[in-house]
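Participant: I'd like to ask some things about the structure below.
The values are calculated or read from the model by the stated rules, or taken from the named source; none is laboratory data. This is a predicted model, so every value here is computed, not measured. Here the Cβ positions follow ideal geometry from the backbone for every residue, glycine too, while neighbour counts run over all protein chains shown. Please note that ligands, DNA and RNA were not included when accessible areas were found on the heavy atoms of the full protein model with its side chains. Shrake-Rupley method; radii C 1.70, N 1.55, O 1.52, S 1.80 Å.
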Amino acid sequence: MHLPGYYEFDCRVKIVSGRQALEKIPDLLYALHAKAPLIITDQGVAGAGLLDTVIEALGNNIVTGAVVDDIPPDAPLPVVQKTAGIYREKGCDALIAVGGGSVIDTAKAVNILVSEESDNLKQFSGAGALTSPLNPLIAIPTTAGTGSEVTLVAVVKDPENHIKIPFVSPFLQPDIAIIDPRMTLTLPAWITAATAMDALTHAVEAYTCLARNPISNAHALAAIDLIHYHLLQVIRHPGDEVGRLALANAATLAGMAFSNAMVGMVHSLGHSVGGVCGAAHGACMAILLPYSLAYNQHKNGHLIAELLLPLAGEDIFIVTPKHQRTQAVIENIKILNENLHDLTNGRHARYLKEIFDVDGNRLVPKEKLPEIAKVSLGDASRHYNPEEFDELDAMRVLEAAWEGSAPASCSLLA
Amino acid sequence: MHLLLKKKKKPSREPYREISSGSKPLKRIYLSIILWFMGRAIQAAARVDKTVKAEFDALPDGFTFSLGVFPDGPCMVLGKNIRGRVKSLGRRGLEQPVDVRITIKNIEAAILLFTFQESTAISTIRDRLVVDGDLSQACAVIRILDIVEVYLMPKIIARMAVKRYPTWPMTRKMIGRIRIYFRAVLGY
Amino acid sequence: MDTKETNIIQHRQPGIVENLPYNYEFHSPVKICSGKKAMEHIPFELAAMNVTRPLVLASDSLIGRRAIKLLTNAFKESEMSFYVCDDVPDNADAETVRRLTTLYLEKNHDAIIVAGDGAAVDIAKVIRLMVAEKTDDPEQFEGEIKLTRAPAPLITLQTFDGSGLEASGWATVCNQTFFSAQLAPQICVIDPRMIIPMDIKTTWARAMVSLSQAVEVYMAADRNPVAINYAFTAIQSIRKNLAPVFSKWVSNKKRLALINAYTAAACAFSNNQPGPCFLLGKATAKIGHLNLGTAMGIILPYAMTQYMRKTNCDLADLLRPLSSGDDYAGTTSSLRGKKAIRCLYDLQWTWHQASRRKIPLTLKDVAVGRYLFPDIIETALKNGLPVFDKSDCETVLEHAWEAKPLNVTS
């Protein structure tokens, strides 16, 4: 067990997992002394019938305070304020968030306003502004996933000033995270692939970056193992409930890992690609992961090598000599991307140049790479990356990831 | 003889008692001096070093940031006025809200940081700091701090303080170091 | 604790979480702060929870006095005072609990800090329970307690000694056991300055408590991947660090790693009901007048083997923390469980040798005679021993009495 000089691990969320996990919500709300929850979700989730599944599971034991089913992406500030208003108006005493990262972030932000009895969300931004527990919040993720159900961060978009406002506090963590396979059973193959690769990236970066600690390491390895064994199976057989539950668990474990051990270069570059070009987060993570690992390998190659067993399985691990395991991990991730590309009929991008919008336009033109490289320097996750990178280094990694050329170590890029 | 060997009787203590928060005057003084000098060094570096100047140019006019010890320990506050000049504001800079606030959680963490037992990166990773404000601006502040540390300290120490020691030509480092020290001492 | 279904589904391929159970609940709301100058973070953490009048509970012992001294230093420059009550006895009684609860309320305290040694932690948990529920009668509580209000924050300073349940929601005061996930401490602080090295036997016994907790978490019928991660972290750390700390000259880094392991094991165990190994070990300790860890350390491999024989449960994944990745991958999956148990026997022997044979290997070594076996078995069965029946207990105890090898296949 590598013990860092100092570390903190904090995950206060109660995890409730299983086939009938949703049906436990009434008892869980009762234990939290709540009886009139506000349910919030987005149109996609409502349209897929998942909201109905949740409401049906609540049964007659809970009288829903209200339902808001049109939460847009990126948790815009006006929507947060409006939803908080509905919460107060309907006399709600708890929140149930059914959806992905944006919905859960919106719920966390709404919870701040209604618990602190304020209309000014910005006064609680940053770290340390909240000093007491908030109202009950239950998170039901519908992707596997961002891990937002276990993180202590929420990011709200201020469309008027074109900025994103972060909120960091252990009190932001939901009280309960419900992992029910029904929530991801109908997820299309390409979204399953993208979100699982997002979870894989969380786990890999949590294990290999500087803020790693023993408990986050254990969660990260378990997450990688679950994704390795179940992802391709689930893509081939979307109705595999066991596989869906496993992937959802993997996403939560990866969330617990990265929430405490942070992430690195993949997220710095990936956030910037998403911010500049609007590319989907999961797709960026999947593409950039092997290239960032290659860049960092001269610093943390020995850690990357330890991922080979959960990532590729015993058969590959045992025949790979120790000095080749780092490279084998990078190659296996690339192979995984290739397999996902094939299984999703090309919708899962292997390289940045393969990311297209719904109209078939390339989302990440090569000309935008310098801007992306510059923006990536302002991402906080840069501090946790084992190797420093400047604009030039970022540019080289992005070019390799755009083209799909062989990933190279930082020491070789100079 | 037995009087000399007789043990001193410890004064009896109440089992329930208050222990007031004391102080660590020497450490406080050391940090005050370091932060005061660092503030001036950053102010000087903004005029001497083109990278630091470029970082500040990218920040908006009126931008302020602080680096201090929780709850009310030594701190430095720097601001960029509307004419684009970077100035060390001292504690009076805290009278207005700052854009980026870096808080070191306790005085011992600050000592670890400013005796270079832990670099800025290690302190961040070890949750010894809390950063409030726009994160991209905070990243710029930390890049500025890293550059100034390279100027202020010999390589053997600066290498521990930053993640990647820059490969500058000797002239840039030595001339820059002399100019920054000179300006920092004189305060302009 | 809620009853959990034990509907275990076999997957198509083995993995680190081979039989992912369908239904589980896991809750460990403990924040772990571990490492250099960890105690200096306490004022910041208290301020973040809006605490202004923390009460420090400590016993008048070496660890208690050290805790107060370190806290006094840690709180300097924090502009926060704290209050000390250092006459907490080692064996708590109801009167002490009431007295301290009254003190807490009268002086308007809003958090408790306790050095994780002896009864102080358990008393602190019960005080919080009584304050939250506004009662002065602890005996009214039974089973899993659901508090109507959030209890006051509790910070424990982990030590190298302790009961093994400091980081959990369990507390035992005056032979009454309390359990609630809400009673677990908010923060467990692991600071190397709180480490006081102990003699070899005590060190080993303490580690065995946590090892058996971690193994039980894995073996539980309703095991879940989150608890298993905590448990494996603990097992791996104990495997790597226990033997070296038998030497006086080893640095505190390894002891710190062990305390981290104990805390992780407690966090995982907090979500479990004790299983047959733990309960049988507890009965052995009680009747044989042994330290709990000593009893657990002796019988654990035999109890695990008997468990495998009885339930056909495959302990394959247990090989991962008990051995290296190469060894795990190079062992056929059907043999991994047996190899895991073999590793445990080997570790017992390693510790025995490393301690210059001070650590006992058998019940005979600790003068627990065969004539005590019926009482041990009766006590264990009376306390609701799951899975094992009388003959299972006899098998385990007989083999543990003189280290007779017990094979998985009879």
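Participant: For the residue pair B:Phe37 and B:Arg85, what label-to-label distance in nm results when each label sits 7 Å from Cα along the Cα-to-beta-carbon direction?
Facilitator: Between B:Phe37 and B:Arg85, the simple spin-label model gives 2.5 nm.
Participant: Based on DSSP H runs of at least 4 residues, each adding -39500 (n - 2.57), what is the mean residue ellipticity at 222 nm of chain A after dividing by all its residues, to the nearest 500 deg cm²/dmol?
Facilitator: Mean residue ellipticity, 222 nm, calculated: -16000 deg cm²/dmol.
Participant: For the stretch A:171-260, what are the per-bin percents of Cα-Cα distances with bins 5 Å wide, up to the bin holding the maximum?
Facilitator: So the P(r) values, bin by bin, are 3, 17, 26, 22, 17, 10, 4, 1.
Participant: While we're here: Once Lys and Arg get +1 and Asp and Glu get -1 on their Cβ, which of C:Pro274, C:Leu105, C:Ala261 lies farthest toward the positive end of the dipole of chain C?
Facilitator: Most positive-ward Cα: C:Ala261.
Participant: Among C:Leu385, C:Thr331, C:Trp351, whose Cα lies farthest out toward the positive end of the dipole of the stretch C:291-396, if unit charges sit on the beta carbon of Lys, Arg (+1) and Asp, Glu (-1)?
Facilitator: Selected residue: C:Trp351.
Participant: Chains B and A: buried accessible surface, both sides, probe 1.4 Å, rounded to 100 Å²?
Facilitator: Between B and A, the summed buried area is about 1800 Å².
Participant: If you don't mind, there's one more thing I want to ask. Net charge within 15 Å of B:Glu95 by Cβ-Cβ distance, Lys/Arg positive one each and Asp/Glu negative one each, not counting B:Glu95 itself?
Facilitator: Net charge in that neighbourhood comes out at +2.
Participant: Hey, got the dipole for the stretch C:272-335? About the Cα centre, +1 on K and R Cβ, -1 on D and E Cβ, debye to the nearest 20?
Facilitator: With only Lys, Arg, Asp and Glu charged at Cβ, the dipole is about 400 debye.
Participant: Roughly how many debye, to the nearest 20, is the charge dipole of the stretch B:134-178 about its Cα centre, given +1 on each Lys and Arg Cβ, -1 on each Asp and Glu Cβ, and no other charges?
Facilitator: So the dipole magnitude of the stretch B:134-178 works out to roughly 280 debye.
Participant: Let me ask something else about it. With 20 Å as the limit, write out which pairs from B:Lys24/C:Lys37; C:Lys37/C:Lys76; B:Lys27/B:Lys80; A:Lys82/A:Lys157 have Cα-Cα distances beyond it, or answer none.
Facilitator: Distance filter (> 20 Å) returns B:Lys27/B:Lys80.
Participant: What's log10 of I(q)/I(0) for the stretch A:18-103 at q = 0.10, 0.11, 0.18, 0.19 Å⁻¹, Debye sum over Cα points only, no solvent?
Facilitator: -0.24, -0.29, -0.78, -0.86
Participant: Hey, what number do you get for chain C at 222 nm if only DSSP H runs of n ≥ 4 count, each worth -39500 (n - 2.57), divided across all residues, to the nearest 500?
Facilitator: -14500 deg cm²/dmol
Participant: Continuing with this model, one more query. Need one number: nm distance between label points at A:Ala406 and B:Ala54, each 7 Å from Cα along Cα→Cβ, rounded to one decimal.
Facilitator: For the pair A:Ala406/B:Ala54, the computed spacing is 3.2 nm.
Participant: Rounded to the nearest 0.05, what FRET efficiency do C:Ser324 and C:Thr350 give with R0 = 22 Å and r taken as the Cβ-Cβ distance? Could you check?
Facilitator: Calculated value: 0.90.
Participant: Placing unit charges on C-beta atoms (Lys and Arg positive, Asp and Glu negative, everything else neutral), compute the dipole magnitude of the stretch B:64-117 about its Cα centre in debye, rounded to 20.
Facilitator: Approximately 340 debye in magnitude.
Participant: Related question: What is the gain in length, in nm to one decimal, between A:Asp342 and A:His162 on full extension, counting 0.36 nm per residue of separation less the C-alpha to C-alpha distance?
Facilitator: Contour length minus the Cα-Cα distance gives 61.0 nm.
Participant: So if I restrict to the alpha-carbon atoms in the stretch A:93-217, what is the Rg, and what is Dmax, the biggest pairwise distance, in Å?
Facilitator: Looking at the stretch A:93-217, its Cα Rg and Dmax stand at 15.4, 42 Å.
Participant: Can you give me the Cα centroid spacing of the stretch A:77-148 and the stretch A:333-356 in angstrom?
Facilitator: Cα centres, the stretch A:77-148 to the stretch A:333-356: 35 Å.
Participant: While we're here: Once C and B are treated as a pair rather than alone, how much accessible area drops out, both sides summed, in Å² to 100, probe 1.4 Å?
Facilitator: Chains C and B together bury approximately 2400 Å².
Participant: Normalized C-alpha radius of gyration of chain A, against 2.2 N^0.38 Å?
Facilitator: Working it through for chain A, the quotient is 0.95.
Participant: In peptide B:19-27, what is the residue-averaged number of other protein chain Cβ atoms found within 10 Å of each Cβ?
Facilitator: Whole-number average of other-chain Cβ neighbours for B:19-27 is 5.
Participant: Per residue of B:129-142, what is the mean number of Cβ atoms on other protein chains within 10 angstrom of that residue's Cβ?
Facilitator: Average neighbour count from other chains, rounded to a whole number: 5.
Participant: Given a 1.4 angstrom probe, I'd like the percentage of the accessible area of the protein assembly as shown that is carbon and sulfur, rounded to a whole number.
Facilitator: On the protein assembly as shown, the fraction of accessible area on carbon and sulfur atoms equals 53 percent.
Participant: Can you figure out the FRET efficiency of C:Ala221 with C:Ser334, using R₀ = 22 Å and their beta-carbon distance, to the nearest 0.05?
Facilitator: My answer for the efficiency is 0.55.
Participant: Can you give the alpha-carbon Rg of the protein assembly as shown over 2.2 N^0.38 Å, where N counts its residues?
Facilitator: That works out to 0.94 for the protein assembly as shown.
Participant: In whole angstrom, how far apart do the alpha carbon centroids of the stretch C:163-233 and the stretch B:115-188 sit?
Facilitator: 42
Participant: What is the stretch B:46-188 by shape, rounded, prolate or oblate, if you read a ≥ b ≥ c off the alpha carbon gyration tensor as root eigenvalues and call it rounded for a/c under 1.5, prolate for a/b larger than b/c, and oblate otherwise?
Facilitator: Taking the square roots of the gyration eigenvalues as a ≥ b ≥ c, the stretch B:46-188 is oblate.
Participant: Can you give me the distance in nm between label points at C:Ala367 and C:Glu398, each placed 7 Å from the Cα along the Cα-to-Cβ direction?
Facilitator: Here the modelled spin labels are 2.6 nm apart.
Participant: Sticking with this structure for a sec: HN-Hα J couplings of the stretch B:25-42 from phi, Karplus 6.51/-1.76/1.60, θ = phi - 60°, integer Hz, Gly and Pro as x?
Facilitator: x, 5, 5, 5, 5, 4, 5, 4, 5, 4, 5, 4, 5, 4, x, 5, 5, 5
Participant: Which residues, if any, in the stretch C:58-77 lose at least 30 square angstrom of accessible heavy-atom surface (probe 1.4 Å) when the other protein chains sit next to their chain rather than the chain being alone?
Facilitator: C:Lys76, C:Glu77
Participant: Counting only heavy atoms of protein chains, what accessible area per residue, in Å², does the protein assembly as shown have with a probe of 1.4 Å?
Facilitator: I get 38 Å² per residue for this part.
Participant: Let me ask another. Take the Cα radius of gyration of the stretch A:104-174 and divide it by 2.2 N^0.38 Å, with N its residue count; two decimals is plenty.
Facilitator: 1.06
Participant: While we're looking at this one, here's another question. With the convex hull built on the Cα atoms of the stretch C:280-384, state its orientation-averaged projected area in nm².
Facilitator: 7.4
Participant: Take the alpha carbon gyration tensor of the stretch C:366-410, find the square roots of its eigenvalues, order them as a ≥ b ≥ c, and report rounded if a/c is under 1.5; if not, report prolate when a/b exceeds b/c, else oblate.
Facilitator: Judged from the Cα gyration tensor, the stretch C:366-410 comes out oblate (a/c at least 1.5, b/c at or above a/b).
Participant: Which one, B:Thr115, B:Ile102, B:Asn81, is farthest towards the positive end of the dipole of the stretch B:79-135 when Lys and Arg carry +1 and Asp and Glu -1 on their Cβ?
Facilitator: B:Asn81
Participant: Using a 1.4 Å probe and counting only protein heavy atoms, how much accessible surface gets buried when C and A come together, both sides summed, in Å² to the nearest 100?
Facilitator: The buried area between C and A, both sides summed, comes to about 4400 Å².
Participant: Assuming R0 = 51 Å, what is the FRET efficiency of B:Glu95 and A:Glu371, from their Cβ-Cβ distance, to the nearest 0.05?
Facilitator: In this case the efficiency is close to 0.85.
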